[in-house]
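What follows is a short report on a single structure.
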Amino acid sequence: MKQDATRNAAYTVDCEDYVHVVEFNPFDSGDSGNLIAYGGGNYVVVGVCTFQEEETDIEGIQYKTLRTFQHGVRVDGIAWSPETRLDSLPPVIKFCTSAADMKIRLFTSDLQDKNEYKVLEGHSDFINGLVFDPKEGQEIASVSDDHTCRIWNLEGMQTAHFVLHSPGMSVCWHPEETFKLMVAEKNGTIRFYDLLTQQAILSLESEQMPLMSAHWCLKNTFKVGAVAGNDWLIWDITRSSYPQDKRPVHMDQACLFRWSTINENLFATTGYPGKIASQFQIHHLGHPQPVLIGSVAVGSGLSWHRTLPLCAIGGDHKLLFWVTEM
């Protein structure tokens, strides 16, 4: 008997607005709860959530908003800093955002009196991806429709600048070797840069366009995944610069690709945000069909929980969470 893969979200949290982007904190912040940030039309909310899969005395999900940060303009992207700590005194909340005005904002808060942000200016078009260096959190990388990848220090100065051949769609930092950066371009090329020499050291080709999203598998950094056109694609960078595996996945063009943080064979993709609903799928490389299919009204954003096989997506005045089996 085949289990029906189509199902509703396991948990939802109500929000005051459309949610454009959602990000679980991928770093250990020293607390049992899981930090999550989501962005709407002109604010970022930072909250903490705990699930019954982690704590048996909780039914479903326990969610609490820690702070709402005024943003003044639509939030397009959020990246967490590894310097974020909930177990320090005072606590440190640190993240950056990309916004519709093509600027990056770096927020720092102690959840009490100190709430600062710094604006990083330099991109001349929309920013499609941003990430902190995962070890020290002292640099931010961003990619944009302006055909550049830029590296910034926390003072807002640019420390490196790579010219791309097409819009930059995704940027990922190697979890251990922090001089390695992966940049995915809309034309289907994924390049790896050495930040010490500021040279490209390797490239992958999807051979189809537009490439909308790519992600480095942190459980196995030889694996890279992406969505281009209607397909998902997986590379093993030790074997070939062309995809090992690919499959058509979303009829109306695929939008986002994210690896699970705990299983190198598990990943999720989303279809283009449609007028009615956008499709969301979880895939396992051992299964020919998606292991889970969901539908979200005006869904956008996609993020995996740090220690559970659980995905968050933003929707219409809601955060939605799906749990899958390993």
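Structure notes:
- Where chymotrypsin sites (Phe, Trp or Tyr not before Pro) fall in DSSP loop in region 205-241, at most 16 other Cβ within 10 Å: Phe222
- For the Cα trace of region 217-326, dividing Rg by the Kirkwood Rh returns an Rg/Rh value of 0.96.
- Semi-axis lengths, Å, region 125-247, gyration tensor of Cα atoms, sqrt of 5 times eigenvalues: 23, 16, 12
- Net charge, Ser260 excluded, C-beta distance under 11 Å - Lys, Arg +1, Asp, Glu -1: +2
- Dimensions of region 69-152 along the principal axes, based on C-alpha atoms and rounded to the nearest Å, stand at 41, 29, 15, largest first.
- Cα-based shape type of region 20-81, given that a ≥ b ≥ c are square roots of the gyration tensor eigenvalues and the cut on a/c is 1.5: prolate
- For the chain, average projected area of the Cα convex hull in nm²: 16.1 nm²
- Filter on Lys180/Lys318; Lys180/Lys246; Lys64/Lys186; Lys64/Lys246; Lys118/Lys219; Lys118/Lys180 - keep pairs with C-alpha separation over 28 Å: Lys180/Lys318; Lys64/Lys186; Lys64/Lys246; Lys118/Lys219
- Label-point gap, in nm, between Asn8 and Glu116 - each point 7 angstrom along Cα→Cβ: 4.6 nm
- Annotation for region 77-145: GluC sites (Glu not before Pro) lying in DSSP loop with at most 14 further Cβ atoms inside 10 Å of their Cβ are Glu121, Glu136.
- Modelled this way, with points 7 Å down the Cα-to-C-beta line, the labels at Glu16 and Gln198 are 4.3 nm from one another.
Bear in mind these aren't lab numbers, they're just calculated from the coordinates by the rules spelled out. Here the structure is a predicted model, which is why all the values come from computation and not from measurement. A quick note on method: Cβ atoms are made from the backbone with ideal geometry, for glycine too, and the neighbour counts reach across all protein chains shown.
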